[in-house]
Amino acid sequence: MSELCGIAVSPRDERLIIKGWVKQFTCGEPRLSESCELFKSMGRDVHLEKMAKEDQPMGAECDSCFIACSDEMKTIWTRPKKLIL
């Protein structure tokens, strides 16, 4: 696992990055649906990942937010739409 701006980059993140996905941010509703629609309207493919323990900032000592919100929060990943010829 490497570190980028204090945020852990997990093996799961690395697999998505290799496939051309770019991590945007993690949020819950109603911003999640709004943001997905915005990215789609910009011609982007959207992929959602459920928040995982490895998504917590490096050095986080408190799990209360993760435990309270992890079922509601998802990370938005986007990439340019692939052209079908």
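The values are calculated or read from the model by the stated rules, or taken from the named source; none is laboratory data. Computed from a prediction, not measured in an experiment: that's the story for all the values here. Here Cβ is always computed from backbone atoms with ideal geometry, including for glycine, and neighbour counts include all displayed protein chains.
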* Within segment 65-81, identify whether any single residue is among the aromatic types (F, W, Y), modelled with pLDDT under 95 and closer than 19 Å to V9 by Cβ, and answer yes or no. => yes
* Name, by its number, the condition in (1) touching a strand residue (DSSP E or B) at 6+ places or on another chain (Cβ under 6 Å); (2) modelled with pLDDT of 90 or more that does not hold for S41. => (1)
* Quickly run through segment 1-24 and pick out the residues that are assigned to a strand (DSSP E or B) and at pLDDT below 90. => S2, E3, L4, I7, A8, V9
* Asked: When both residues are 6+ apart or on different chains and their Cβ atoms are under 6 Å apart, which pairs have a first residue that lies in segment 24-41 and is farther than 14 Å from T78 by Cβ, and a second that is at pLDDT below 95 and part of a loop (DSSP other than H, G, I, E, B)?
  -> G28/E72; G28/M73
